[in-house]
Amino acid sequence: GYVNGEEFGTVTFNITEQNGRIFNGEMTYLMNGTDVSEGFAGAIGADDKTLYVTEFVSGYDFGTVISEDEIELIYIQDGEQDSGAAEIFIQTLHRVVE
């Protein structure tokens, strides 16, 4: 399942709570022309560069902190063969300070 990033527009991850290396929050993205909000929880690896995220609806993200303002996430969702449900794609997130 190749996913064109333009289909999702901007993906926003908002961390709402963090306790040590464990965090949670909400992400928003565009799906079929509609804004979708989904919760997530994650952990920062002992190296302070590796991220592990589970999305509450479905799927997982494995990430790397590239710099203070940039993170690369690889999203993985499994699915039955020939169902079209399996997906994988790469997202690059940039810090936005409000």
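The values are calculated or read from the model by the stated rules, or taken from the named source; none is laboratory data. In this text the structure is predicted, and so the values were computed from the model without any measurement. Cβ: placed from backbone, ideal geometry, glycine included. Neighbour counts: every protein chain shown. Note: areas computed on protein heavy atoms with side chains; ligands, DNA, RNA excluded. Shrake-Rupley method; radii C 1.70, N 1.55, O 1.52, S 1.80 Å.
Some observations on this one:
- Think of the chain as a dipole: +1 on every Lys or Arg Cβ, -1 on every Asp or Glu Cβ, centred on the Cα centre; then among I74, G20, G42, G20 lies furthest on the positive end.
- Calculated P(r) tail over 22 Å for the chain, as whole % of Cα pairs: 27 percent
- Annotation: extensible slack from T50 through N19 equals 9.5 nm (criterion: 0.36 nm per residue apart, minus Cα-Cα distance).
- 1.4 Å probe accessible area per residue over segment 41-98, in Å²: 70 Å²
- Taking a point 7 Å out from the Cα of E72 in the direction of its Cβ, the residues of segment 19-50 whose backbone N falls within less than 16 Å of it are 49-50.
- Accessible area in the full protein assembly, largest first, 1.4 Å probe, for Y60, Y29: Y60, Y29
- Rolling a 1.4 angstrom probe over the chain with all protein chains present gives an accessible area of which 50% lies on carbon and sulfur atoms.
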